[in-house]
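This report concerns only the one structure given below.
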Amino acid sequence: MRKAVRIGAAIVLAYLTQSVFLPHLRVGGVMIDVFTITVFTAGFACGWYAGLTGGLLGALLLEALSGDMPGLITVASLGAGALGAGLGRSLPLLALAGRRGLEKTIRRFGPMVAVGLYCIVKEAVYVAYFYLVGVDLAWIHVKVPVLSGLLAALAALPLVPLLRNFMLRAPQDTFLAHRLGKRRERKENKERKKKKQPATAGVGAPDVPEGGTIV
């Protein structure tokens, strides 16, 4: 349940980031596709069910709030989740005899390259769609797919590991759990110190019998 909540929260946050903040941070007129990276990571980290469910949630958000290109957005979101899930299953099985270094490199950077290539294909499909419906395309529209793929691959370098750790984090690894654990540990240490301190009242005083005097 916690994992599902984290995936949903990550996708909603990615949508808000892409719709509110990233339009003001375009590079060459192209916006970083944080949303696709997040849906891809959901499938890559948590499997087919999470990838397809996250893609469907993302498609509902995009189509309900933007309404552009209905159908294509759903296919693109589901495709990102499915690609991540497929790569998450196949990469651990990768084995290159005698090329251990190359194997590690592919496992480490393969998801980022896959995200970049997927964004290139997705944006190329969008450009083709606009061309078929009669939209006049300028040179910037032709270079958008390549630039979008490069930006997505670069952004995925830090985002995929961070999102993966966030989605797979166990309850005891959260910030709140660490804070509560440290507080509990300090409390136990204080109680342990109190128990170790000897009682000092009356130490060294001679025993005087009742009604008697000290000689």
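Throughout, read-outs are computed from the coordinates displayed, never taken from laboratory work. Since the structure is predicted, the reported quantities are computational estimates derived from the model, not experimental observations. Backbone-built Cβ (ideal geometry, glycine too); neighbour counts: all protein chains shown.
Summary of values
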{"read-out": "Segment 2-170 - convex hull of the alpha-carbon atoms, volume per residue in Å³", "value": "120 Å³"}
{"read-out": "Segment V12-V121, extension gain: residue separation times 0.36 nm, minus the distance between their alpha carbons", "value": "36.9 nm"}
{"read-out": "Pairwise FRET efficiency - L72 versus E103, Cβ, R0 = 41 Å, nearest 0.05", "value": "0.70"}
{"read-out": "Sequence ranges 34-40, 101-107, ranked by mean other-Cβ count within 10 angstrom, highest first", "value": "34-40, 101-107"}
{"read-out": "Inter-site label distance for V146 and F21 at 7 Å from Cα along Cβ, in nm", "value": "3.0 nm"}
{"read-out": "Sites Y131 and R184, calculated FRET efficiency, Cβ-Cβ separation with R0 41 Å, nearest 0.05", "value": "0.05"}
{"read-out": "Using a Förster distance of 41 Å, the FRET efficiency for E191-N165 (Cβ separation, nearest 0.05)", "value": "0.75"}
